[in-house]
Amino acid sequence: MKIIFLSPYLPGSILIIALVVTGFSVYIYRLHHLHSSARYWLPLLRSITIMLFILAILQPILIWEKSEEKQGRIAVLVDDSASMNVTDAFATPEKVFLADRFQLIPPGQRCRLFQQQSVLIAKETSKLNSFVQAFDRLFLSKPHQSGSQYNVLQKKANHYLSELAAMIDRSEKLGESAFSKWPYLADCLKRQSIPEYTRQGLLYRRWNNIPGWELSKLYEFIAEGKEADQTQIINNLSMPRNVGSSYGARIQGYLTPPITGEYTFLLCSDDQGAFYLSSDHTLANRKLICHLDSWVPFGDFNRFPGQQSPRIFLAERQYYYIEGWLKENYGDDHFIVGWIRPDGKKEIPIPVQYIHPYGVIFKDYLGPPIADLMDHFRQLTSQSQKLIRKLKDAIPQFSSSPQTQRPLAESIKNDFRHLVRLGNSISHLLQRIQQAADVEFYAKAPQDIQQALARIDQMSRYDWTRQVLFSPPTSLLEALSDKGPVDLFLLSNPTTPLSPDDKLTAPPNHPATPMFQALQSIITNYAPGELSTIILLSDGNTRSDANAELVKLIRKEQNLPIYAIYPASSDSPRDISILSVTPPTATFAGDVCQIKVRLRISGFGGQLITVQLRDDDTVLTQTNFYPSGIDVIQELTLQFVPPRSGTHQYTVYVPPKEQERITLNNTHYFSISTLNEKIPVLVVFDFPDWTIRHCIDILHRDKRIKVDVLPGLPTMAHTTSQPLPVWPQGTIDERMDYQAIIMSVANPENLNPEFLNNIRKRVENHGSSLIILWGKQMNISGYLSSPLASLLPFAQANLPASTPATVTTSIQLPDSSYCPPEVQLGPSLPITAALWKELPALTTHTPPSLLKTATVLLETTQHKIPVLIRSKTGLGKTYLLTARDLWRWHKKIGNLLPQKFWLQLLISSSTDHVSSPPHPYIRLQTRHAAYSPSDPIPVHLYAQYPSGIPLTAQKIMLECLDAKRHEIQTLIEMFPVRNMPGHYRCKIPPLPAGHYQLHPIIPDSGSSIPSPKLTINVLQNPSQEFLDVHGNLKNLQKFTSRTIRFYDPIQPIIDETQPRRFTRVSRETWELWDSALVFILACITLT
């Protein structure tokens, strides 16, 4: 408790005045002769009145604090961005599981035994795996410490083995009884036909790092439970060819003959191969019909008798299980199966329309019948029981002194690990049986359950959020009410909680919101310690910002748990997007141009995808493929011949599929410069060694290059003390248009200075390239003192005192993930990197110290010595090649790669070759990816010349074209930004819904600038039509305490949400001066 004064006057001075006035009042009363009763109380009353009056002037306030305990609050934050309106596609087993999870299916209608037993076996297997690690640590890694703990581990081993054996036995019995207990599973084990499969192809799996060529090694490797390194769908009965060494592969699927009759099968493989055919759709009835114990050349089907099967009768449109095996050691590898049909037609390989994949690998269930799965389940359980009995017999024989029984300890450890793998396989197989059972349930469910399952296909992520919050069996808000008061917020408004009656009926149409900023706002809105838990319901597809680490820090400082519930599918929505397109910078007219395309395909596994390359509306080429999984990154190469010369724009386009929500990312634009004339090159050398002779020979051989040679002997003239020859004037001057100049000169001081000045001007002012072939006899000081010094990528500092060292080594790319255009040797980047590693070793001469502006394109593998260096000066480039013996390449690989190297080097220089006046570099951008038809569109442009000088035009014009390349408006003027050279801005008036392209035009030239063009998207509802539909679960996991999916049990979050009590301190005040005035009035009245 304390008193404060609000008066601006000093309390001390006021108090002195009060004492003086009081004393004076007492003195006045003493002068009067009053009765004895009034002599004392009247001065006292007057003094009290004066003191209270003075106290009122000081305006005193009495303050005291009061504390009370309150219960902490729980904040629930709901994401209401536009991506929450996406409807995810669920597979049939997922739909049945979700309907059962949210009580849309009456109790007892669906069999859950396989799923429950799978979870229990997975838990027991995990315990057994922990025991194996402890066993290895005590008995093998530290055997001297194992004596005291031997009995404990022995008891644990027997306990875990007994538990796992009982669990497996119970699963087998319950599994058998399930087929008689649930009517929809009654005839699954008896069924002799399988569903009509709509997908085509075969399931292909490959296991790497298996030495040898015998199939028996592949069988042993798979028997250990090893997972395949690669899984995909192949389009015919032919495995991928020449994919590696020391691997094994297996194909599985079903065969549907086109006509009834006798078929003969043909096999060709390298190395060992085997092909199985079943008499029906089951795996148990398969028989070996073709085999090869040794390799045969590709396409040879008649070398060994086992390559051809006897005639086998097959019925039309019946399903027959097929299986193929291949073991490859090294060298060529292939596996192909064909047949001779009853009508005599020979098809090699068997076409895709007659084969169907085997296995659950796609979103829609596509797998073997339950009968096959149960057969496999019985085999695994039988192997597990045998192994458990073997371990139970071996453990008592193992003494507490393992030093003398190490082989037995190793055997026990390996058997335990094998048992762990079998347990995991059984758990996974039970999940697959549950999926197959759910498919049967879906097919035979009554009408009311079918309608409930159909509702799932229409529920968006926001609907699942409402289901989790308000509906049973989850009812998150109801479950949290026992933990404390709950406040419900929206991500778009994290400062104001919703009313208790708000059921989130408003649709989610807000743009992506900074999630971490919203979390930070909620944390700061509450008093310290008042907030006990934050629960976030979001698909993670929100704009991230730099505050993620700050939220984690605040969470740790305040001991504030943040949980997340992910209301989206575990798989990505159905979408096809073009991630990147890598075209060459330039090509020649008539040459085949290769375009590398990276795609992301989600939810269309096994369906035919078409990728087209277009020139306006004309399809130049297209390719088809089948994705190899649910969510994959596919890389492919498109080849075409550019139809026109010059710089033109082309389009990579993927036709949209059904159920694909976003189609804007199916299109990608790029430009290629097509050269129609030969590249003029000048070669200058002083001595015709092997390198320069081989270089000239390669350049002369290429019809796309025009070579001029300028030989001379200044070095020989210097050694014989003869006068230097006079280099011809005008050999290279302003009128000659050499795009590349190759120099092999030891000392440029021997050359005509005017000649060297012309070279420098050609590079700096006209964009030509200078290529210097470096060698151990090069005179460094001669180069640095010549007119070429400003073009060189090295400086005078830290030059070596002696002759540069030579290192004979192989070369590689500095960054294997990126291959510069100058050193591309193959049709794609991985092939290019592999070819560089296979090239013969080169003698590399150590260059002087490089400038910081120089770029190393190639370097040696071991010593990291630069091999090819690039620097830019003015409008041109300078290349320094430190390995002169490129001619040695032809000894091993012929002239193809050296010719490719020089051609790419010259093409790179020709694409940057700019004639006068040069075009500036243009960058166009807008603020947003999409706009509505009522919004003006602000456009920003930056332009500068290759030399770095900004564009200084008074204005730049923009032409706006629609999808049919029709101009929809007059030219739009862009004006320069004040105090920002090279920057221009404008606003485009609102446009109708559609897609548009902007082309910048320089008024002086009157033509479009050859630069990337800007695509503008105008949509009716940009927040919903133009969004990333993919959820981002990792974005939630990186800052939350726990993240679960919406169909997971929420009880762990409820249990971890602990009620928190905090002390709230409140402050109360009493304005004493109001009471003092009332008392003064009373005293005056009394007086």
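The values are calculated or read from the model by the stated rules, or taken from the named source; none is laboratory data. None of the values given here were measured: they were computed from a predicted structure. Positions of Cβ are backbone-derived with ideal geometry, glycine not excepted, and every protein chain shown enters the neighbour counts.
Some points to look at:
- ILE1016 at pLDDT 80 or above and either polar (S, T, N, Q) or under 30 Å from ILE576 (Cα atoms) (or both): no
- Some residue of the range 527-545 being crowded, with 22+ Cβ neighbours inside 10 Å and modelled with pLDDT under 75: yes
- For the range 446-490, filtering for residues that are outside any helix (DSSP H, G or I) and either exposed (fewer than 13 other Cβ atoms within 10 Å of the Cβ) or in contact (Cβ under 8 Å) with a residue 40 or more places away in the chain (or both) leaves 19.
- Verdict on HIS700 being surrounded by fewer than 19 Cβ atoms within 10 Å (Cβ to Cβ) and either of a type in the set (Val, Ile, Thr) or modelled with pLDDT of 80 or more (or both): yes
- Some residue of the range 147-165 being closer than 19 Å to ALA445 by Cα, out of contact with any helix residue (DSSP H, G or I) (no Cβ under 8 Å at 6 or more places or on another chain) and modelled with pLDDT of 80 or more: no
- Selection status of LEU941, under 30 Å from PRO473 (Cα atoms) and modelled with pLDDT of 65 or more: no
Rundown of residues vs (1) buried (at least 22 other Cβ atoms within 10 Å of the Cβ); (2) more than 24 Å from ARG1045 (Cα to Cα); (3) in the same structural domain as GLU822 (by TED's automatic domain parsing), yes/no style:
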residue	(1), (2), (3)
GLN558	no, yes, no
PRO561	no, no, no
PRO567	yes, no, no
VAL581	no, yes, no
PRO584	no, yes, no
LYS596	no, yes, no
ARG614	no, yes, no
THR618	no, yes, no
THR623	no, yes, no
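- Which numbered condition SER36 fails, given (1) more than 60 Å from the chain's Cα centre (by Cα); (2) at pLDDT 70 or above; (3) of a type in the set (Ser, Thr, Tyr): (2)
- As a summary of the residue check, GLU214 satisfies the conditions (1) in contact with a helix residue (DSSP H, G or I) (Cβ under 6 Å, 6 or more places away or on another chain); (2) at pLDDT 85 or above except for the one numbered (1).
- Every pair of residues 6+ apart whose Cβ atoms lie under 8 Å, when the first sits in the range 274-290 and is farther than 15 Å from ARG250 by Cα while the second is part of a loop (DSSP other than H, G, I, E, B) and modelled with pLDDT of 80 or more: ASN285/SER279; LYS287/SER279; ILE289/SER309; ILE289/PRO310
- Odd one out for ALA740, checked against (1) over 20 Å from LYS900 (Cα atoms); (2) in contact with a helix residue (DSSP H, G or I) (Cβ under 8 Å, 6 or more places away or on another chain); (3) modelled with pLDDT of 85 or more: (1)
- Between ARG888, ARG884, the distinction of being within 24 Å of THR860 (Cβ to Cβ) and modelled with pLDDT under 70 belongs to ARG888 only.
- Qualifying residue in the range 775-790 (condition: assigned by TED's automatic domain parsing to the domain that holds GLY876, in a strand (DSSP E or B) and small (Gly, Ala, Ser)): no
- Under the condition of being closer than 17 Å to ILE692 by Cα and not in a loop (DSSP other than H, G, I, E, B), the residues counted in the range 732-774 number 10.
- Those residues of the range 289-317 which are outside any loop (DSSP other than H, G, I, E, B) and exposed (fewer than 13 other Cβ atoms within 10 Å of the Cβ), in sequence order: PRO305, PHE313
- Residue in the range 101-116 that is surrounded by the most Cβ atoms within 10 Å (Cβ to Cβ), counting only those that are under 35 Å from the mean Cα position of the chain (by Cα) and outside any loop (DSSP other than H, G, I, E, B): PHE114
- Number of the condition not met by VAL243 [criteria: (1) within 35 Å of the chain's Cα centre (by Cα); (2) at pLDDT 85 or above]: (2)
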